[in-house]
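Here's the structure, in structure tokens; my notes come after.
The values are calculated or read from the model by the stated rules, or taken from the named source; none is laboratory data. Values in this document were obtained by computation on a predicted structure and should not be read as measured data. We place every Cβ from the backbone using ideal geometry, glycine too, and count neighbours over all the protein chains shown. Side chains are part of the model used for accessible areas, which takes the heavy atoms of the whole protein and leaves out ligands, DNA and RNA. Shrake-Rupley method; radii C 1.70, N 1.55, O 1.52, S 1.80 Å.
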Amino acid sequence: NTKFLRKHATGMSDAGVQIIGLPNARNYNMNNAGALWKGENQYDFTAVDDMVYETLEGAPTAMLMLMLDADPPWWWQRKYASQMALDENGKQEPAKPGVSYASEKWRTDAGNFFKAYLEHVMAQPYTGHIMSVKIAAGSTFEWQYYRQTLDTCADFSQPAKDGFKKWLKEKYVT
């Protein structure tokens, strides 16, 4: 079972643990309770609230570390396929395509999601229990492109090419 439950928090609290890192807020399936990022500027943070309250029921004095997922949900990936990373052969990772971190569209949309998430969390009665927020993406949540290895290159998508050209012009003023 990959769901974080009250009994986990209780066990941690009983062992003297006061800092609890909650599972990644996967925007497409938070704690096996459904999607947070439902559509264009449409969010439902009920699953976050439920998990935080359940955790605090088991560990009422805990300080919580939240982790936000920057990988876009499936509906976004389908709608904005041109914003997804491509490998050196021009292909997407079929099992888990990753977004191009150079995509301005993704940066804007993910930023809007993060802003809405944080505004929601900061307006909740439990906000005093939040001690940190980590934004993570990619393979193992370390901003590594999916399927990237020492033998492969990360992103040859149009957003990555455009971003690199922009960086070169700014860096070398040509």
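For this structure, a couple of remarks:
- A straight Cα-to-Cα reach below 28 Å connects Lys38 with the lysines Lys3, Lys79, Lys91, Lys96, Lys105, Lys115, Lys134, residues fewer than 8 places away in its own chain not being considered.
- Within the chain, the longest segment free of exposed loop sites, counting GluC sites (Glu not before Pro) that fall outside DSSP classes H, G, I, E and B and have at most 13 other Cβ atoms within 10 Å, spans 89-141.
- Each label point was placed 7 Å from the Cα along the Cα-to-Cβ direction; for Glu119 and Tyr53 their separation is 2.2 nm.
- Exposure rank, largest accessible area first [Tyr126, Tyr53; 1.4 Å]: Tyr53, Tyr126
- Sparsely packed loop sites in region 59-127 (the trypsin sites (Lys or Arg not before Pro) outside DSSP H, G, I, E and B with at most 13 other Cβ atoms within 10 Å) comprise Lys91.
- In this structure the amide hydrogen of Gly21, modeled in the peptide plane, comes within under 5 Å of the amide hydrogens of Met65, none closer than 5 places in sequence on its chain.
- Distance between the modelled labels on Trp75 and Thr61, one decimal in nanometres: 4.3 nm (7 Å Cα→Cβ projection).
- Our coupling estimate for region 149-161, obtained by passing each phi through the Karplus curve with A = 6.51, B = -1.76, C = 1.60 and θ = phi - 60°, is 9, 5, 9, 10, 9, 7, 8, 10, 6, 4, x, 5, 5 Hz, Gly and Pro reported as x.
- Two-site label geometry, Ala15 and Glu88: point separation in nm, points 7 Å out along Cα→Cβ: 4.3 nm
- Computed [θ] at 222 nm, helices only, for the chain once each DSSP H run of length n ≥ 4 contributes -39500 (n - 2.57): -11000 deg cm²/dmol
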